[in-house]
Amino acid sequence: MKIDTNKDKIESLLTRGVDEIIDKENLEKKLKSGKQLRIKLGIDPTSPNIHLGRSIPLLKLRDFQELGHQVVLIIGDFTGTIGDTSDKESERPMLSPKTIQANLKNYIEQASKIIDINKAEIHYNSKWLGELKYADIGNQADQFSLNEFISRENIKKRLDAGKRIVLRELLYPLMQAYDSVEVKADVELGGTDQRFNILAGRTLQKAYKQEPQDIITNPLIEGLDGRKMSSSWGNTVNLFDVPNDMFGKLMSLQDEFIISYFVFLTRIDFKIVNKYENEIKNGANPRDYKLKLAFEIVKFYHSEDDAKNAQDYFVKTISNKEIPDDIETFKPKEKEILSVLMDSGLVASKSEARRVLSQNGVKVDKKVISDVKFEVKSGQVIQKGKFHFIKIV
């Protein structure tokens, strides 16, 4: 495949959604040479969903792919059981292989919303990490000092606070680094929290007589509550969210993050994004630009028709506080609200139903219901949260 060496495209590749590049001069030279590069991204299936925070390196992977480079996606079915502590302030528990297998079930399908899976190499790192022997691990570990590991900011904080650090946590960077050796990566992508692990790849590649990979790290984006987007905090927008939910979640985003979402999570032209930023600074209503953002992201992950319908749904149900026309019907076996919420699928359990009721998150015919013994009647409309409705028949 012919490699695209367009100067402007390379400039965009090296700037948009980028925090740091090592070694930028070397990488830029390679990109301009017309040589096909192998671009690595690893994702651990620690939850069933890929969220928009993880879409940043996936979009960068797509950028490389569109220039003709070979993208290599590694699903960390082995590293996921070990657990990366790069962004954690406490010990990350090991996950069972059964949990990992359940989580990764739809990962390829989710990633295919962004990259061309048919042109990508897909690897599961249990293939090689599960075959390593003690002697192999010993030789790899010999390339690093304990001081290098414990000097990392989050590890140092835990040590200073007297928190437990297990030896297993020291092994994770070795495993991620060895992935780079196995796939002979020219470039590795990852978040700023992955910097140590990705640099470890350079060290280990040198030990295996390979040219060290260049590195592109991306910023970490804030989730819907202002903290870093994380599945463990539940503040995510997921690639598999249905259009109405995706649109509604994005409309709840804090105004200060609108422009960074445009920059990192879309490929809208920078000139347009700068125009939006200036207009907001000059007093334009941020809600109008949040509508544009939500529309663009839903269109990308679903379709333009889905985006239009989701916007209409949002305006009608949230802004105008109307009940939508095309809501699902449900015929309950039991009339008590707890059972109705669970049996209809609005909640996953009765405990969740109780929590939602106690938080005034349930309405029947637009009236808040908190009584767990409330009984529904035929013809009533039940609303959970802002976006979920069912009509009782």
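The values are calculated or read from the model by the stated rules, or taken from the named source; none is laboratory data. This one's a predicted model, so the numbers in the text were calculated from it and none came from an experiment. All Cβ positions, even for glycine, are placed from backbone atoms using ideal geometry, and neighbour counts span all protein chains on display.
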Report summary line: Among residues of region 258-289 being charged (D, E, K, R) and closer than 27 Å to THR217 by Cα, the residue surrounded by the fewest Cβ atoms within 10 Å (Cβ to Cβ) is LYS271
Report task. Confirm whether LYS367 is more than 30 Å from LYS292 (Cβ to Cβ) and either touching a Phe, Trp or Tyr at 6+ places or on another chain (Cβ under 6 Å) or of a type in the set (Lys, Arg) (or both). Result -> yes
**Report entry** Condition check for LEU338: in contact (Cβ under 8 Å) with a residue 12 or more places away in the chain, surrounded by 13 or more Cβ atoms within 10 Å (Cβ to Cβ), over 31 Å from the mean Cα position of the chain (by Cα) and not in a strand (DSSP E or B)
**Finding:** yes
Query raised in the report: Can you tell me which of ASP305, ASP312 is part of a helix (DSSP H, G or I), modelled with pLDDT of 85 or more and either among the polar types (S, T, N, Q) or exposed (fewer than 12 other Cβ atoms within 10 Å of the Cβ) (or both)?
Result: ASP305
Query raised in the report: Which fully enclosed helices (runs of 4 or more DSSP H) of region 20-85 have 1 or more residues being assigned by TED's automatic domain parsing to the domain that holds LYS98 and within 24 Å of GLY234 (Cβ to Cβ)?
Result: 52-66, 79-82
Query raised in the report: So, of the residues in region 229-250 that are assigned by TED's automatic domain parsing to the domain that holds TYR289 and in contact with a Leu (Cβ under 7 Å, 6 or more places away or on another chain), which turns out to be modelled with the highest pLDDT?
Result: LEU250
Query raised in the report: Checking GLY361 against (1) out of contact with any helix residue (DSSP H, G or I) (no Cβ under 6 Å at 6 or more places or on another chain); (2) within 30 Å of PRO219 (Cα to Cα); (3) not hydrophobic (A, V, I, L, M, F, W, C), which test does it fail?
Result: (2)
Report task. Tell me, please, whether a residue that is of a type in the set (Lys, Arg) and either within 30 Å of LYS30 (Cβ to Cβ) or in contact with a strand residue (DSSP E or B) (Cβ under 8 Å, 6 or more places away or on another chain) (or both) can be found in region 239-253. Result -> no
